[in-house]
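Input: a single structure, listed below in structure tokens.
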Amino acid sequence: MDGRERKLEAFSRLLDVQERLRKECPWDRKQTFESLRPHTIEEVYELADALMNKEWHEVRKELGDVMEHVVFYALLGEEAGVFDMADVCNKEADKLMFRHPFIDWTGWKGNPKAEACDKPMDADAVEVTWEQVKQKEKDGNKTVLSGVPASLPALIKAYRIQDKARNVGFDWEERTQVWDKVREELGELEVELEKGDAESAQKELGDFLFSVVNAARLYHINPDTALELTNRKFMSRFSYVEKRAKDMGKSLKEMTLGEMDELWNEAKMLERTKA
């Protein structure tokens with residue numbers, strides 16, 4: 001059995017297992033699109049954690065969980081008579097081919113015609129082309145930013161908003177220009193904090209964070225990933241401080257800030273040693 005046959009057989013097995021569960025498992029039988037949704041969100045976050053940790057055995061497991069949800073939704077769609085797994089796969093394949101017009105798909109997998117780009121494209125150019133082609137798919141009521149999910153976490157949403165605007169040409173001419181905006185927003189935030197106006201300060205903090213996300217994007221740094229790495233670094237160091245304090249027979253509340261800083265610096269030194 002070659003690699004493709006093995007993959008198709010495995011996917012077919014998953015379809016069969018999910019169909020049987022839908023018929024015979026009490027929990028699966030009562031699920032709906034709405035009831036399954038929160039579980040799907042949880043599974044995606046678990047996959048995100050595994051990816052951040054580079055725990056490949058966990059990535060494999062969590063990918064399977066996410067795929068199982070895709071299969072389940074397709075089965076629910078088939079029962080409702082609105083779509084099935086074949087529709088899902090074919091729609092995605094059609095969309096991918098349409099959004100990559102620089103590849104000649106003519107006659108490939110039954111595709112009747114495609115207009116191929118006559119010049120090579122780098123990754124940045126592909127992103128711009130992707131957004132431009134997506135606009136051709138939209139009806140008259142949709143806008144450039146309408147494809148950004150409302151429920152995205154704010155940090156990721158800010159990045160996606162800016163990235164979509166960039167893809168239609170709304171961006172800084174030079175990325176270094178963004179630092180003037182960052183400094184401007186920081187100054188406005190400091191002014192409102194000094195005034196003690198909580199509502200205005202909150203707005204200015206949002207503007208400042210948005211400008212920092214913009215800077216990260218321009219320098220090809222994912223702000224969500226960067227912040228998560230810092231979160232984990234802080235947690236690791238703080239856990240070290242907490243453990244060392246316990247070993248010394250003290251609680252953190254009994255320690256001075258200077259004492260905690262000393263243990264914090266120990267944690268940093270240990271990180272450098274391990275690196």
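The values are calculated or read from the model by the stated rules, or taken from the named source; none is laboratory data. Here the structure is a predicted model, which means the values were calculated and not measured. Glycine also receives a Cβ, built like all others from the backbone with ideal geometry; neighbour counts cover every protein chain displayed. Heads up: the accessible areas ignore ligands, DNA and RNA and are worked out on the full protein's heavy atoms, side chains in. Shrake-Rupley method; radii C 1.70, N 1.55, O 1.52, S 1.80 Å.
The residue that is surrounded by the most Cβ atoms within 10 Å (Cβ to Cβ), counting only those in the range 140-152 that are of a type in the set (A, V, I, L, M, F, W, C) and in a loop (DSSP other than H, G, I, E, B), is VAL148.
Please work out which residue is farthest from TYR159 (Cα to Cα), limiting yourself to the range 189-206 and to residues that are open to solvent by less than 70 Å² (accessible area, probe 1.4 Å) and not polar (S, T, N, Q). Even if it seems obvious, please write down each step before you answer.
At the first step, the residues of the range 189-206 found to be open to solvent by less than 70 Å² (accessible area, probe 1.4 Å) are 189, 192, 196-197, 200-201, 204, 206.
Remaining after also requiring not polar (S, T, N, Q): 189, 192, 196-197, 201, 204, 206.
Numbers: LEU189: 21, GLU192: 25, GLY196: 29, ASP197: 28, ALA201: 22, GLU204: 18, GLY206: 13 Å.
Going through the qualifying residues, I end up with GLY196.
Where helices (runs of 4 or more DSSP H) fall entirely within the range 153-261, those with at least 1 residues that are of a type in the set (Asp, Glu) and within 21 Å of the chain's Cα centre (by Cα) are at 154-166, 223-247.
Here PHE98 meets each of (1) of a type outside the set (Gly, Ala, Ser); (2) farther than 29 Å from ASP224 by Cβ; (3) at pLDDT below 95; (4) surrounded by 15 or more Cβ atoms within 10 Å (Cβ to Cβ) with one exception, condition (2). Of GLU78, GLU127, GLU34, GLU55, all but one fail to be of a type outside the set (A, V, I, L, M, F, W, C), under 30 Å from HIS220 (Cβ atoms), open to solvent by 50 Å² or more (accessible area, probe 1.4 Å) and at pLDDT 85 or above; the exception is GLU55. Cβ-Cβ contacts under 7 Å between residues 6 or more apart (or on different chains), taken from a first residue in the range 194-218 that is among the small types (Gly, Ala, Ser) to a second residue that is open to solvent by less than 30 Å² (accessible area, probe 1.4 Å) and assigned to a loop (DSSP other than H, G, I, E, B), are absent.
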